[in-house]
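Notes follow once the structure below has been shown.
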Amino acid sequence: MLEGVNSRLSSMSSSAGDREPGIPLDNVKEDIGGPTCSGDYSRHDNAICSGDSEVKSSAVVKYSAAPPPATYALLQEKTDLKLPPANWLRENPQLGTAGTTVLGSSSKSKPFSSFGMAYDFIDCIGDDVDVVSDSENIKKLLKIPYSKSHVSMAVHRVGRTLLLDELDIQELFRRSSQTGDWTWLKEFYQRLIDQKWQRKKKSKENWYQKAILSKFLYYSINGDGAAEPVSDMNEGEEENGAEEYSSSWPTTFTSATSDAEEPDASKQESVSVDSKFALDPVMSVPKEQNLPTLFNEGENSQGLRNDFVRNIMWTFEDIHMLVGSNMPIFGGGRYPAVSLRLRDNNKPINILTGIDYWLDNLMCNVPELVMCFHVNGIVQKYEMIKTEDIPHLENSTFSTRVVKDIAQNILSFLKSNCTKEGHTYWLFKASGSDIVKLYDLTTLCEEAEEEKYQNPFTLPVAVLLYKVASNLMLKARQNRKHNGTIRTLLLNCVKLLDQERHPQIIASAHYMLSELFQLDEPPGEDGGESLRAGGSEDSYSDEDGEEEEEDLTEDDENDSYSNCSRPQDDSKAVAVIRSVGELSVPEKYTSTHQIRPSSAFPVSQDKEERCRHVLSYVLKGLKAVDGSIKKESDLPSADPNTPIPLKYEDVGANSAPEKDISLLLERVEPVQSDQKHPTRSGMIPGSWQHRMKLQLFLKASKAYYVLSDAATNLLKYGRALRYIKLSLQCYDAYCSVSGALHPQVLHFHSQCLSLCGDIQLMLAQNANNRAAYLEEYSYQTKEDQELLHSLHRESSCQAFSMATDLAMDPEYQLFVSSKCYEAAYELLVSEALKDHTSDQLSQVLKRLGNIRNEMGVYYMNQAAAMQTEKEVKKSVSTAEQELWKKSFAFFEKGMKDFEAIGDSTNTALLLCNTGRLMRICSQAHCTISTNDSRGEFSPEEALYYNKAIDYYLRAMKALGSRENHSAVWDSVNWELSTTYFTLATLLQDYAPLSRKAQEQIEREVTEAMMKSLKYCDLQTESARQPLYQYRAATIHHRLASMYHSCFRNQVGDEHLRKQHRSLAELHYSKAVSLFLSLTDAPCELLRTLLERVAFAEFTMAGQSSSVAKLKSLTGAMDIMTETRHAFQLISKELLEEQEVSCDPPAAESADSPDVASGSMSGLDLQEVIKLISVFEPSFSFLLLQVIKLMTTTKRKPSNKDEEMLKTYKNVYSKLLRAEKNAPLLSRVELYIDLLQQLTTQAGSDGSGTQKS
C-alpha cells in the first residue's frame, strides 16, 4: 500500500520521451521553460509492497514552475479526440511544456539536461546525490533488462555524483559531418555496432498518436471547449515541424553559422561561456551583462538551462537522485494528485509501459493513475489505478524488487568504472544486444590525437567542476576539510580546458587554487589532520599508481566478460556487462572504487613551500589573462628571463616616500566616471581580465609578504628584502590597474611598508653580514622572473624602489626604514582608514618610536666617535653640533610616538638616551689648558650635566615605580647615580676656583655626592649590587678626603674644624666597611686606610701631652693593622697570577701587553707598588713613634705594656731588615705576617682593633 500521503502534493511532472517500438507514447515536452516560481517543498515516504519484499521511495520537490494541480475534466464518452479543442496549443501553466511540445521539437532529452539541474542545485553535487538526470534516462536504464532497444548515454562523474545524459551518436555525427570532427569516433562506432541499424523514422501513425494525446490533455483542462476541425494544412505543418525540430544535438560548441563565420562564433562562445560561469561565487563582481549565451536562443535552443517543470530529489531505496520531470499532474479522484494517461483500447499495456507509469508516479509521488481508453480517437471509458497496483496489471506484471536490484547494480557498475573526474564516459547497448559496454571517450579522444575541446561535453563538465569547487570554497572558509576536494575539482577543470579558448575559467580556477593555501595561519588547525589523512585517486601526486590500479580493474573486468564480445571491441571498453540479465541478480555488482574518500591536500608545515604553491598558481592565472589580451610580441615588455635591476637614486631621496604615499592616497578617492582608458597592456577597466588581474596581483603580493616575514624570522634579511621588494612590486602593479583602493588593501600595504622598515633596520644593525645579504638579495627564481615580466606589462614597478633597494650605508638604511614606517603611519591615519581602527596603528607608532630611537643613538654614537678621534681638544665643531641636533630631534619625536600609545617604559628609555646625549655634549665642552692638561670644570659642562639629570629624573617619573619595569628602572637609577657622581667628581677634581669660592664648591660636591649616594641601591640583590657598593664606598672615601683636606686647611673656626673632623671620621669608617665587603678592591681599601692613618697622624701633631699622643698613635696603629685584609687580597691575586704564568699553554694564550700591568687578574701592580711605597714609611714612622713614646714615659710600665713594646720593637726590627729589592709577593707576605703579629698582640691584650 502507498503510505504517508498526508499532504497535498506540489506540482510535479515527467516526460515520457522516446518509446520503444510498439509502446504507445505518453507525455512529451518542448523547449519552452515555464514561469520561474518556487514550488511547494513536500516530501512523502512510500513503501511499495511487492510479494514478501517492499521498495522504499521518497521524493522532495526542489523546484516547480507549475501552479498547484487543478482538477482534470472528465471527458464524455464518444468525445472525438481528433477534433482540437478551442484552447489547443495555447500556452498553459497547468500543462507546462507537455501540451505544446508534442507538435514542436522532438521529445528526446537535451544532451546537457543534467548539467542545467546540476548548476541550479550545486550544493547537492559531489556528496549528497548519487545521480542527476532526466527522469526519462533513469527509466531507460531501469528498463534495460526488459527492452531490446538501444541505450546510449554520456556519464560524467563529479565527486560521488554521476550525471547521465542521452548521447545521440547518430545526431552527433550528422551535425559534425560539416566540420569533419569526430572521424575517429565514427570509425570506432561503425566497427562497434550492426551496420544495418539506423534511426527509425517516425511514421504518420506516430505523429497521429502525438496529436490526439495533445488534444486530450487540452480537453482535460478545458472540458467546455468546442471542437474545431483540423485542416490538412495543419497536419502537414505538424509533420514538417516535427522533422524540423527533431534534432536536439549541438555541434562542437559552434553556432549554426556558415563555415566562414565559424571562427568568430567560437570566439564569441568562449567569451560568453566564461563570462557566464566564471568568477561568480569567488570574486565579488557582477556578471557580464548583454553577452551572447552559450548556444543560439532560436528554435534549436540547446543551452545548459534547467528547462524541467519540476526538479525532484528522489530517494529510491538507498539511491539519491536529482531528477527532472515534465509530467502534467492533475487534481481529482480520491487523492490530491493524479497522472493522466491515454491508451488505445485495442493495445494491451506491456511491461515496459507499466514500468514507465510506475516509475513516473514514484518519482513525482503521485498516488494514483487515471487511464483514459479510446478507440480510433473516440473516448470509451476511464479507469483509476493506484500506483502500488501498477506492477500487478494484466500483461505488465513485474517485480519492484527486481527493478530495485537493477537500479543498485547499474549504479554500482557505473560508480566502480567511471572513476576519473572530467572524463566523458559512454554507456552503450546496441539495439537487440544483451551486452552493455562502458567506454572512456576522453581517453579514446586522446589516443586519436584529437583536440580535447572537440568533445562537446568538455566545457559543460569543466564549468560544472568549477561551479562545484566555487560552491565548496564558500564552505571551506568555515571548514578546510573540503580543500583537497576543491583542489582536485579545479585541477581536473583546468586539465579539460584549452587556455586560448577559455582563459577566464582557467585564470579563475588558478586564483581559487591559490586561495586554498592558508598564508596567514599555521597548518594543522581546523581539521588539518583530516586533510593529510588518506590518499585520493585523483590527487596528482599519486597519478602513476592510480593508472596502474585502474588498468588492473579494467583487465579483471575484460577477462570476466571476454567471451561475450569481439576482442577488438572489448579492448577499448573500460568495463562490460556480459548479459543484461545479470542486472536483475541482487548485489551482482558492488561499488569497489571509493570515489574521493578523503582527497589529499598538500598541507606543508613549511610556510615558504605553501607560498610557492600560491605563486605558481598565480603565475598560471596571470599567463591565462595575459594570453587573452594581446600577443606577447605586440607589447613593449622585457625579456622574462632577464631580471630587471632597480637602483635607487640619492637625488630627492628624502621626498620620494612622501610622494609615493600622496599618490596612493589620491587613489583612495572615488573612481572618476571617465576612467575607461585601457591599461598599459590593453586591458579595459571593468573587464574580467581587469578584475582577475587585480585579484592575482594582490594574492601574489600577500604571498611574497608572508615569504618576507618568514625570512625575517629566520634572520635571512637579504632574502627578506628581496621578497618584500617583489611584494611591493606586485602592489605597485595592482595600484596601476586599480581605480580605487579598498581599506583592507591599504591596511595590507601599511603592513608591507612596516615589514620593509623592519628589514632595513635589521640590515643596518647587522652590517657585518652584508656580503651574505647581498648574495641572498641578488638571487632570483625563474618563477619570480616570469611573474615580474607579467607585472611589467602593467607597470614599471619603480614606485617603491627606494624602499626596497639594498644600500651599503647603515645611515641610509635607517633613513629608509624610518620613511617606511612614516608612510605606513600616514596611510593608517589617512581619510580612507581613519574609521577603520586597528591594533596596527599602535604597532606602527611603536616601530616609529623605535626607529627614531635607533637613529638618535646612531647620530649620538657618531658624535661620541668624532669626539674621541679629535687629537687636540678644541672648541666644539659645527659637525658635532649638527649631529647632536639630529640625535636630539629623533629622540624627541620617538618620545612623542611612545607617549601617543601610552608606552611609559620606552618613553623612559628614550629619556635615558637623551640624558646620555647631554653627557656627551658636556664632555665635548671640557676645557683644555695651555699645557694640554684638563682645565677647570666649565659652566657649559655643568649645564649639560644638569640637563642630563633632568632627563633621568623625567624617565624615573615616567616609570613611576620599580614594579612597572624593574630592568629599565634599575638602568635609569644607575645612570642617574652615575651622572651625579661624575658631576661631583669633576667639581672636586677640577674645581672652578676662578669662578666660585671653595666653600661653595665643597657644598655643591657634597650635595651631588649625597644625591648619587641616594640612588645607590645597596639593598636589592642584582648584578649591579657590587657596583653600587663600590660607588658608595668611593663616594664616602671622596667625601672623607674632602673633609680631611678642609680640616687640614681650616684656620680659625674651631667649631667648623671639629665638624669637618667628625665628618671625615664618619665617611672614612663607612668607606672602609664598604670596601671590606668587596673582594675586588684591595687597592682602594689600602688607600682609604692609609689616608685614615695620615688623618690620625695629622690629628696627633696638634696634641701636646704624651698620653694623648700615645692614644692617637695606638688608634692609628689599629687602623694600620686593618690593611692586613687588603694585603691578603693582593697576595691571593698575585699567587693566582703566578700559577697561571707557570703553566706554559696558559702563558702563551695570556701573552698580551696587559699581563705586565696585572690586568689579567684585575690587579693594578703599579698602583700596588705605589701604595706600598706610602705604606712602608708610614708603618715604620708609626712604630718608631710608639716605641719612643712608650720608652720615654715616666710612669712604670705594666707587663702588658712591656709585651706590647717588645712586639713593636720586633716588628720594627723585621721591617727595617726587610730586603728592599725582594719580589712583590714576598714583601706583601712579610707585611701580612707583621700585621698579623700586631693583631694577635692587640687581641691578647683585649684591646679592639678598631679605635678612633
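What ranking do 985-997, 350-362, 900-912 get when scored by the average of other Cβ atoms within 10 Å per residue, highest first? Intermediate results must be reported in sequence, preceding the final value.
Working: 985-997: 15.8, 350-362: 23.4, 900-912: 20.2.
Descending mean neighbour count gives 350-362, 900-912, 985-997.
May I ask you to give the average projected area over all directions of the convex hull of the Cα atoms of the range 1063-1110, in nm² rounded to one decimal? If you can, show how the numbers build up before the last one.
Working: hull surface 14.8 nm².
Result: 3.7 nm².
How do 316-324, 814-822, 1163-1171 rank on mean C-beta neighbours within 10 Å, highest first? Please list the in-between numbers first.
Details: 316-324: 21.7, 814-822: 25.6, 1163-1171: 16.4.
Packing proxy ranking, top to bottom: 814-822, 316-324, 1163-1171.
Sorted by accessible area with a 1.4 angstrom probe, largest first, how do Ile928, Ile851 fall? Don't skip to the end; give the middle numbers.
Details: Ile928 60, Ile851 0 Å².
Correct descending sequence by accessible area is Ile928, Ile851.
Using a Förster radius of 45 Å, what is the FRET efficiency between Met866 and Ser961 based on their Cβ-Cβ separation? Nearest 0.05, please. Could you put the intermediate results ahead of the total?
On the way: r = 38 Å, r/R0 = 0.85.
Computed FRET efficiency for Met866 and Ser961 comes out at 0.75.
Given a 1.4 Å probe and every protein chain left where it sits, what share in percent of the accessible area of the range 795-916 is carbon and sulfur?
Working: 2660 of 5400 Å².
So the carbon and sulfur contribution to the accessible surface is 49 percent.
Once you have the Cα-Cα distance between Gln1050 and Leu1215, take 0.36 nm times their residue separation minus that, and quote the gain in nm to one decimal. Write out the running numbers ahead of the final one.
On the way: separation 165, 0.36 × 165 = 59.40 nm, distance 3.55 nm.
Working it through step by step, the gained length comes to 55.9 nm.
Given points 7 Å out from each Cα along the Cα-Cβ axis, report the Gln1000 to Ser203 separation in nanometres with one decimal.
Those two pseudo-labels are separated by 13.8 nm.
Convert each backbone phi in the range 783-793 into a coupling constant with the Karplus relation 6.51 cos²θ - 1.76 cosθ + 1.60 (shift: θ = phi - 60°), then list the ³J(HN,Hα) values in order as whole Hz, x for Gly and Pro.
4, 4, 5, 5, 5, 4, 4, 5, 5, 6, 5
Could you calculate the contour length gain from Asp128 to Ala1101, that is, 0.36 nm times the residue separation minus the distance between their Cα atoms, to one decimal place in nm? List each step's numbers first, then the result.
Values: separation 973, 0.36 × 973 = 350.28 nm, distance 11.38 nm.
Result: 338.9 nm gained on full extension.
Would you list Glu187, Glu963 from the most to the least accessible area, probe 1.4 Å?
On the way: Glu187 110, Glu963 155 Å².
Ranked from most to least accessible, the order is Glu963, Glu187.
Using a 7 Å offset from the Cα along the Cα-to-Cβ direction at both Lys588 and Ser1062, what is the distance between the two label points in nm, to one decimal?
12.5 nm
Taking only protein heavy atoms into account and a 1.4 Å probe, give the accessible area per residue of the range 839-956 in Å².
On the way: 5560 Å² over 118 residues.
Per residue, the range 839-956 has 47 Å² of solvent-accessible surface.
Once the Cβ-Cβ distance between Asp839 and Ile928 is put in as r, and R0 is 41 Å, what FRET efficiency do you end up with, to the nearest 0.05? Walk me through the intermediate numbers first.
Details: r = 54 Å, r/R0 = 1.31.
Step by step, r from the Cβ atoms, then E = 0.15.
Quick one: compute the contact order of the range 922-1079, relative version, from alpha carbon pairs under 8 angstrom and 6+ residues apart, as a percent.
Details: 161 pairs, mean separation 25.8, N = 158.
In percent, rounded to a whole number, it is 16.
Among 862-868, 1108-1114, how do they line up by average Cβ neighbours within 10 Å per residue, starting with the highest? List each step's numbers first, then the result.
Values: 862-868: 15.9, 1108-1114: 18.1.
Top to bottom by mean Cβ count within 10 Å: 1108-1114, 862-868.
Rounded to the nearest whole Å², what accessible area per residue is found for the range 687-832 with the 1.4 Å probe? Each step should come with its number before you reach the end.
Working: 4420 Å² over 146 residues.
It amounts to 30 Å² per residue over the range 687-832.
For Leu162, list long-range residues whose amide hydrogen, built 1.01 Å from N in the peptide plane, is under 5 Å from its own amide hydrogen.
Those qualifying (amide H under 5 Å, at least 5 residues apart or on another chain) are Val131, Val132.
Suppose accessible area is computed on protein heavy atoms with a 1.4 Å probe; arrange Arg1087, Arg157 from highest to lowest. Provide the component values of the computation, followed by the final result.
Numbers: Arg1087 75, Arg157 0 Å².
I get Arg1087, Arg157, largest accessible area first.
Taking 24 Å as the cut-off for C-alpha to C-alpha distance, list the pairs among Lys139/Lys386; Lys140/Lys210; Lys148/Lys215; Lys404/Lys429 that go past it.
Lys148/Lys215
Strictly over 20 Å apart at the Cα level, which of Lys996/Lys1058; Lys699/Lys819; Lys819/Lys896; Lys420/Lys693 would you flag in this model?
Values: Lys996/Lys1058 24 Å; Lys699/Lys819 25 Å; Lys819/Lys896 17 Å; Lys420/Lys693 31 Å.
Listed pairs above 20 Å: Lys996/Lys1058; Lys699/Lys819; Lys420/Lys693.
Can you figure out the FRET efficiency of Lys82 with Ala740, using R₀ = 60 Å and their beta-carbon distance, to the nearest 0.05? Mind dumping the intermediate values first?
Working: r = 69 Å, r/R0 = 1.16.
With a Förster radius of 60 Å, E is 0.30.
Which pairs break 25 Å Cα to Cα here: Lys1200/Lys1220; Lys186/Lys415; Lys495/Lys782?
Result: Lys1200/Lys1220; Lys186/Lys415 exceed 25 Å.
Counting pairs of alpha carbon atoms under 8 Å apart in space and at least six apart in sequence, what relative contact order in percent does the range 716-837 give?
Numbers: 127 pairs, mean separation 56.1, N = 122.
Here the relative contact order equals 46 percent.
The values are calculated or read from the model by the stated rules, or taken from the named source; none is laboratory data. Quantities reported herein were computed from a predicted structural model and do not represent experimental measurements. Here Cβ is always computed from backbone atoms with ideal geometry, including for glycine, and neighbour counts include all displayed protein chains. Just so you know, the surface numbers come from the protein's heavy atoms only, side chains and all, with ligands and any DNA or RNA stripped out. Shrake-Rupley method; radii C 1.70, N 1.55, O 1.52, S 1.80 Å.
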